[in-house]
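Shown next, in structure tokens, is the structure this report addresses.
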Amino acid sequence: MTDRPRQPKLMRAVRLASLLATVAAPASAQSIIDQWSAVPVPPPPKLEKVTIDPKSTALLVMGFVRDSCNQERRPRCVATIPHVKKLLDEARAHGVLVLHSVPTNNPSADYIVADLAPRPGEMIIPPNGPNKFLPYDLEFHRYPDFDLDRIFSDHGIRTVITVGTQVQTAVLHTAAEAALRGYKVIVPVDGMSGDSLYPEQYTAWHLANTQRVKQQVTLTKVDLIGY
């Protein structure tokens with residue numbers, strides 16, 4: 001039998017490298033979707049005690065409307081109402097600027113749950129989508145007369161407290177935007193809710209870990225807020 005000619009060393013090395021790449025590729029090419037169930041839960045952020053200066057603080061109460069914040073649709077929202085009511089009552093007693101938002105084309109106070117109903121003089125933010133600083137909604141209907149930054153400037157606001165339902169929309173985007181604009185932001189985690197636990201966990205993690213946001217944001221709970 002005739003011996004087979006030897007392959008050059010370079011060719012063998014190339015084939016070996018190609019084989020190793022083929023074997024290793026599936027693991028290294030897995031996306032977050034492929035590995036979704038294997039993601040470890042990070043440790044919870046620390047909740048801090050906060051002292052409020054009422055003259056330079058605004059409270060944004062976002063999305064607590066009867067049609068969605070009820071036991072049938074969003075029971076987690078209902079569970080936050082007593083905490084938000086306590087926060088709202090104390091803010092009013094100390095003269096904090098209070099603003100409400102209603103996720104409907106008719107931004108009327110009549111839609112808001114009774115325990116959190118606006119008082120005369122408290123502003124209703126127009127339905128401008130999840131980021132309350134923007135002057136237009138998701139369909140780009142503009143509200144040229146609304147400027148949250150100007151309102152805050154006119155009132156000497158340097159700190160913003162955000163509470164709301166559908167936490168991954170209004171709370172996340174408004175809190176992050178406020179932080180990026182240089183405001184100090186206070187987020188009571190017992191005053192925010194989602195349709196499930198995950199949006200709440202993600203929002204808390206995002207606000208506590210994102211550069212240029214986390215430096216401005218303090219996570220807390222209502223009982224840790226004082227004046």
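Any residue in the stretch 4-18 that is outside any helix (DSSP H, G or I), at pLDDT below 95 and among the charged types (D, E, K, R)? It would help to see each step written out before you state the result.
Pass one, the stretch 4-18, residues outside any helix (DSSP H, G or I): 4-8.
Still in the running and at pLDDT below 95: 4-8.
With the extra rule that they be among the charged types (D, E, K, R), the set shrinks to 4, 6.
For the stretch 4-18, residues outside any helix (DSSP H, G or I), at pLDDT below 95 and among the charged types (D, E, K, R): present.
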Taking the stretch 24-78 as the search range and keeping residues that are open to solvent by less than 60 Å² (accessible area, probe 1.4 Å) and part of a strand (DSSP E or B), which one is farthest from residue 93 (Cα to Cα)? 65
In the stretch 117-197, which strands (runs of 3 or more DSSP E) lie fully inside it and hold 1 or more residues that are not aliphatic (A, V, I, L, M)? 159-164, 184-188
Out of the residues in the stretch 89-113 that are modelled with pLDDT under 95 and either assigned to a helix (DSSP H, G or I) or touching a Ser or Thr at 6+ places or on another chain (Cβ under 6 Å) (or both), state the one that is most open to solvent (accessible area, probe 1.4 Å). 110
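The values are calculated or read from the model by the stated rules, or taken from the named source; none is laboratory data. These figures come from a predicted structure and were not determined experimentally. Neighbour counts are summed over all protein chains in view; Cβ atoms, including those assigned to glycine, are modelled from backbone coordinates with ideal geometry. Just so you know, the surface numbers come from the protein's heavy atoms only, side chains and all, with ligands and any DNA or RNA stripped out. Shrake-Rupley method; radii C 1.70, N 1.55, O 1.52, S 1.80 Å.
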